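What follows is a short report on a single structure.
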Amino acid sequence: MNASPDPRRHLEIASQPELARRREWILTNGLGGYAAGTVGGIPTRRYHGLLIASLPNPAGRVMMLSSLAEGVRMPDRTRADLGWVAPVFTHGEDLQLVEFELELGLPIWRFAGKGIVLERRIVMAYGHNTTVMSYRLVEGGPVRLELRPALQFRGHDELVSVKVPDAYPLEALGARIELDAPDPLPNLRFRIVAPKATFVIEPRSVPELAYPTEESRGYESRGQLYSPGRFRADLERGQTVTLIASTEPWETIMTLGPEQVFAAETERRHRLLLAAPPAARTGPAAELVLAADQFVIRPAGRHEDHVRARVTGDEAWTVIAGYHWFTDWGRDTMISLEGLTLATGRPSEAGSILRMFAHHVQDGLVPNMFPEGESSGLYHTADATLWFFHAIDRYVQATGDQRTLHALLPKLRTIIAHHIKGTRFGIHVDPADGLLVQGAEGYQLTWMDAKAGDWVVTPRRGKAVEINALWYNALRLMIGWDVEQPIEAASLSELADQVFASFNRRFWNPAVNHLNDIIDGEGGDDPACRPNQLFAIALPNPVLAPEHWSAVVDTVERELLTPVGLRSLSPSHADYKRNYHGDLLTRDAAYHQGTVWSWLIGPYVDALLKARPDDVAGARRALDGLVTHLGENCIGQISEVFDAESPYTPGGCVAQAWGVAELLRCLQKTA
């Protein structure tokens with residue numbers, strides 16, 4: 001099967017103008033930087049902007065260019081706007097947005113009115129903090145295009161209410177301008193490429209631009225933007241005007257010709273599809289291959305990781321957990337690794353990710369996350385390290401790379417030893433039953449990690465079901481890998497046998513016909529019906545005895561399965577929340593108390609096919625809702641969470657690594 005030359009996702013906006021307000025788009029640059037917005041162009045989030053640069057620490061990701069006011073002077077000298085924040089500056093009549101599509105994942109807008117058709121395209125230069133915006137007059141004209149940059153230099157996670165100064169120092173050189181950003185940020189540089197173009201210095205400000213999504217989430221929602229002036233360029237039918245915004249040095253910007261950037265990125269995306277397995281080169285799977293690419297990045301801020309990798313002839317790669325606000329998280333990276341890299345034909349990046357995280361292991365723990373703008377990780381996690389074993393297993397199974405496995409074995413031995421004797425956050429083996437205990441006051445150590453102030457919403461301290469499923473899987477994997485140390489392997493085998501027996505004796509709850517979520521917890525055993533129990537079946541080395549598999553899968557289907565993933569708690573539970581909305585406290589209270597998670601479709605499909613090996617068609621049908629979702633919310637991406645009940649409104653991150661990864665992996669598994 002050949003790769004499709006241009007996987008497309010098309011929206012007919014003219015007949016459905018409300019789609020432009022609700023749908024979003026995102027582009028990334030392979031460094032963690034991005035450009036994002038609504039299809040209609042009105043910025044509704046603090047994260048919406050045309051250049052969010054990923055800069056060396058301590059800067060992190062920074063909003064460098066918020067938006068453009070785009071005006072068109074028509075042949076009859078009347079004015080028209082393309083939307084965005086243009087009406088704030090120009091007050092013309094709007095050209096109508098009639099079409100939006102993703103072509104190879106790259107956004108294209110088409111505007112029409114007053115006898116003209118204008119096409120806008122945007123691309124980010126891969127590996128550079130550079131956004132290229134191109135405007136082509138398809139019909140009518142000639143016209144004069146006016147582009148007014150609007151900006152607010154701030155950390156991308158800072159509130160929009162950050163004060164903007166009266167002006168930024170500006171140097172104008174014909175069709176090039178440079179704005180001095182405050183330390184430690186680089187300057188923002190613009191270059192317009194057009195037959196005839198000028199820049200008019202004309203400072204203006206927007207005193208209070210509203211961001212409705214921020215208001216709905218309980219954050220400050222009004223902020224100021226500043227514009228230094230406007231670019232002007234004449235445009236005839238068939239001609240193109242391109243504006244480049246960048247934090248790169250001038251020599252880099254002048255080297256990056258607009259046509260070359262578009263051509264290079266198009267070719268790079270074609271190569272991604274050609275590298276993917278044949279079944280993932282067309283249709284929704286091809287869209288997901290391109291979506292997966294958005295998360296696999298070189299960490300721009302962590303210079304030390306790059307130095308260490310280059311010394312050994314390697315490269316430093318990592319995984320952004322979700323856009324817009326997540327950085328790289330150990331748990332999300334290890335869960336996503338198979339779908340993002342191995343299912344897309346990128347094994348070299350997978351190996352580099354594993355080796356990079358191995359370097360950061362401390363006290364037997366993989367980092368839970370790397371905070372924005374920092375080089376050192378935080379380690380408050382009980383499962384990321386155990387998912388590390390799973391990711392290594394998937395990698396070795398796919399590649400046969402024994403060299404990397406042998407290089408990692410000393411780290412893996414250390415991890416097992418630390419877990420047996422005890423390490424940070426109360427993580428230790430209970431010698432009485434071999435099960436893994438975790439928990440420390442004030443910390444949320446499992447994937448159900450919501451915390452609001454000092455309130456840990458689902459502490460789950462004690463012996464958690466998925467933690468022990470992962471622990472058993474890690475022990476069995478280690479026994480198979482560490483054949484050079486037979487004495488240790490024999491003792492681990494005894495421990496694994498103990499874990500299997502204890503798990504089935506303690507976690508199976510015949511009164512409810514499924515697994516307890518926690519045993520030996522602060523309040524005793526917890527019989528809550530949660531999706532965590534699926535991992536006792538879904539992992540390569542299942543810890544649950546096969547005679548209970550069907551009962552667990554049946555219960556999960558009845559209580560938790562939705563068209564877009566699994567609920568995090570059964571509706572019959574007293575703490576169940578059907579909606580995920582409101583301010584941070586309200587959202588955190590619902591985050592793992594019913595809210596649907598897209599990534600959980602993966603373990604459900606794995607468990608289903610173990611319990612009912614012949615039901616591949618049923619497993620494939622379970623993916624249909626998420627496949628449809630590719631055309632909703634953030635186009636071409638999978639949302640983090642959904643409301644627990646119909647219409648399953650999406651929430652959280654608009655693009656989530658493990659949601660994309662698990663859907664792609666399962667599409668291939670059920671093909």
Task: Charge-dipole axis of the stretch 8-270 as Lys and Arg at +1 and Asp and Glu at -1 on Cβ define it, positive-most pick from L118, V160, A175 - done: L118
TODO: Rounded to the nearest 0.05, what FRET efficiency do N504 and V138 give with R0 = 45 Å and r taken as the Cβ-Cβ distance? Could you check?
DONE: 0.10
Task: Cα-based helix-to-principal-axis angle, 657-669 vs the chain, degrees rounded to 10 - done: 70
Task: Separation of the E103 and D525 label points, Cα + 7 Å toward Cβ, nm - done: 6.1
TODO: May I ask you to list the residues of the stretch 320-346 whose amide nitrogen lies under 20 Å from a point 7 Å from Cα along the Cα→beta-carbon direction of K669?
DONE: 331-346
Task: Matching label, Cα extents along the principal axes in Å computed from the structure shown, candidates (i) 147, 63, 47; (ii) 147, 62, 56; (iii) 84, 53, 52 - done: (iii)
- [ ] Just the number, please: percent antiparallel of the DSSP beta bridges in the chain, rounded to the nearest 5.
- [x] 95
Open item on the list: At R0 = 60 Å, how high is the FRET efficiency between H303 and A511 if r is their beta carbon distance? Nearest 0.05 is fine.
Closed with: 0.60
Open item on the list: What's the magnitude of the charge dipole for the stretch 276-401 around its Cα centre, counting Lys and Arg as +1 and Asp and Glu as -1 at the beta-carbon? Answer in Debye, nearest 20.
Closed with: 240
TODO: Express in nm, to one decimal, how much length is gained between H359 and D554 on full extension, taking 0.36 nm for each residue of separation and deducting their alpha carbon distance.
DONE: 66.1 nm
Open item on the list: Run the reach check for K610 against aspartates and glutamates, Cα to Cα strictly under 18 Å, same-chain hits fewer than 8 apart removed. What comes back?
Closed with: E466, E547, D554, E557, E662
TODO: Taking 7 Å along the Cα-to-C-beta vector as the label spot, tell me the D183-T252 distance in nanometres, rounded to one decimal.
DONE: 2.1
- [ ] Within 10 Å of each residue's Cβ, count the other Cβ atoms and sort L626, L534 from fewest upward.
- [x] L626, L534
Task: Between 0 and 90°, nearest 10: helix 402-421 axis offset from the chain longest Cα axis - done: 60
Open item on the list: As a footprinting exposure proxy, order I601, I427 by other Cβ within 10 Å, with the fewest listed first.
Closed with: I427, I601
Open item on the list: Could you work out how much longer the chain between S205 and A263 gets when fully extended? Use 0.36 nm per residue separation minus the Cα distance between them, nm to one decimal.
Closed with: 17.3 nm
Open item on the list: I'd like to compare 642-651, 150-159: which one has the highest average count of other Cβ atoms within 10 Å, and what's the full order after that?
Closed with: 150-159, 642-651
TODO: Report, to the nearest 10°, how far helix 465-481 tilts away from the longest principal axis of the Cα atoms in the chain, using its own Cα long axis and a range of 0 to 90°.
DONE: 80
- [ ] Counting other beta carbons within 10 Å of each Cβ, put E374, E171 in order, fewest first.
- [x] E171, E374
Open item on the list: Could you sort the peptides 340-346, 579-585 by per-residue average Cβ neighbour count (10 Å cutoff), highest mean leading?
Closed with: 340-346, 579-585
Open item on the list: Given the options T385, G301, V311, identify the residue whose Cα lies farthest towards the positive end of the charge dipole of the stretch 276-401 (+1 on Cβ of Lys, Arg; -1 on Cβ of Asp, Glu).
Closed with: V311
- [ ] State, to one decimal in nm, how far the label point of A489 lies from the label point of E374, with both points 7 Å from Cα in the Cβ direction.
- [x] 4.0
Open item on the list: Would the stretch 8-270 count as rounded, prolate or oblate if I go by the C-alpha gyration tensor, calling it rounded below 1.5 in a/c and otherwise prolate when a/b exceeds b/c, oblate otherwise?
Closed with: rounded
TODO: Please give every one of the lysines within straight-line cross-link reach of K421, meaning a C-alpha to C-alpha distance under 25 Å, and leave out same-chain neighbours fewer than 8 residues apart.
DONE: K411, K463
Task: Relative contact order %, the chain, counting alpha carbon pairs below 8 Å whose residues are six or more apart - done: 11
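Here, each number is a calculation from the coordinates, and none is a lab measurement. Quick caveat, the model's predicted, so the values are computed rather than measured. As a convention, Cβ positions derive from the backbone with ideal geometry for all residues, glycine included, and neighbour counts pool all protein chains shown.
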